[in-house]
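Just so you know, all these numbers are worked out from the coordinates, no wet-lab data involved. Since we're looking at a predicted model, the values are computed, not measured. Neighbour counts run over all protein chains shown; Cβ positions are idealised from the backbone, glycine included.
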Amino acid sequence: MTTSDRKPASETGYSSDTNNLSFLTTESDADTRVDAFLAARIDGWSRARLQRLIEDEDVLVNGKPAKASYNLRAGDEIEVELTAAPAATFTPEDIPLEIVFEDDSLIVVNKPAGLVVHPAAGIHSGTLANALAFHFQKLSTRAGDIRPGIVHRLDKDTSGLMVVAKNEATHEHLANQFRAREVFKSYMALVHGVVKQQSGRIEQPIARDPRTRIRMAVVRAGRGALSLYKVRRSFKSFTLLDVELKTGRTHQIRVHLSWLKHPVVGDEVYGGGRDKTVQDVRLRAAIRKMHRQFLHAERLGFRHPASGESLQFAAPLPAELTKLLAELDAAAGTN
């Protein structure tokens, strides 16, 4: 896809779910500071507040953090995550947490589905960040005041393991491991259809969907993304996969598996309506009752920033996902 094939900056997309905006600059935008460019296009956001987003690395230009003073060039791709302002409304909240591991440097938590990781536009409370601020007196602030300790994220309706930094040095070390693709991240996903190939790789670039801008999609001009999968178990009309992420693009597993024509069960955004076509009435009802997608960050591995020790963690499937697998066994048995 050439630059002329892409959407101009005026045709940007906003998602109330992901709170993301995307822009593609034109010749008329050249030599404009990125903070000024955004201030002219995002209603209700002051230039100072946008500068804070830039400082917190919530604004990417061509996939990389940029300074507020960066002068744009034609064809620059800008991604913005509209995180909530660090106002007094951010309050520690007594939300239960499942702590898998803790020491002086870091915490590993098992996040439940339904819990947003940190405040964003329209979401000011009830997040994992609010819970962490309540349960721990000191966390890193490198990612901003409203994201204490947050090094990486999971989608709201994805459960599983996350690592949280207690101090700035730990945060920086872990962030470097993520950037260098040294962190092991493996997910369990139940998908529609029988995946015939026992293992494989999906190496397809991901960007904002040019037709439906509230979604991500496989786009030729997108950012490189690599997912590796293995069949864990096969059912009559479903497959349970282990999926290892080698990159960390927004909604990567969900987008890649949908592109493979095997969307994640329970995924209302990328599922293509497959949940509603399940013929077994009992199974269809069980999927609906999950109120989430069948995607669980099961395993997480990284080097301890202080000791250099290799750490590996695993989180069991939540009860609602285990129940659906039992329903599958009862309905059709395994192949």
If you take the residues of segment 139-171 that are of a type in the set (S, T, N, Q) and more than 20 Å from residue 308 (Cα to Cα), which of them is surrounded by the fewest Cβ atoms within 10 Å (Cβ to Cβ)? 141
Segment 246-269, residues that are in contact with a helix residue (DSSP H, G or I) (Cβ under 6 Å, 6 or more places away or on another chain) and not in a loop (DSSP other than H, G, I, E, B): 264
Name the residues in segment 106-138 that are buried (at least 19 other Cβ atoms within 10 Å of the Cβ) and farther than 26 Å from residue 20 by Cα, would you? 106, 107, 108
So which residues in segment 285-322 are surrounded by 14 or more Cβ atoms within 10 Å (Cβ to Cβ) and over 21 Å from residue 162 (Cβ atoms), if there are any at all? 286, 287
Answer from 134, 101 - the residue that is hydrophobic (A, V, I, L, M, F, W, C) and either in contact with a helix residue (DSSP H, G or I) (Cβ under 8 Å, 6 or more places away or on another chain) or part of a helix (DSSP H, G or I) (or both): 134
Enumeration of residues in segment 208-232 that are surrounded by fewer than 16 Cβ atoms within 10 Å (Cβ to Cβ) and either farther than 14 Å from residue 187 by Cα or touching a residue at least 60 places away in the same chain (Cβ under 8 Å) (or both): 211, 212, 214, 220, 221, 224
Can you run down the residue pairs with Cβ atoms below 6 Å, 6 or more apart or on separate chains, where the first is in segment 65-77 and among the acidic types (Asp, Glu) and the partner is crowded, with 18+ Cβ neighbours inside 10 Å? 76/25; 76/61; 77/24
How many residues does segment 103-155 contain that are on the phi > 0 side of the Ramachandran plot and touching a Gly at 6+ places or on another chain (Cβ under 6 Å)? 0
Before we move on, is residue 201 touching a residue at least 12 places away in the same chain (Cβ under 8 Å), more than 27 Å from residue 290 (Cβ to Cβ) and outside any loop (DSSP other than H, G, I, E, B)? yes
Just need a number here: residues in segment 236-254 that are surrounded by fewer than 19 Cβ atoms within 10 Å (Cβ to Cβ) and of a type in the set (A, V, I, L, M, F, W, C). 0
Unique residue being in a loop (DSSP other than H, G, I, E, B), of a type in the set (Asp, Glu), over 15 Å from residue 297 (Cβ atoms) and out of contact with any helix residue (DSSP H, G or I) (no Cβ under 9 Å at 6 or more places or on another chain) when the list is 145, 94: 145
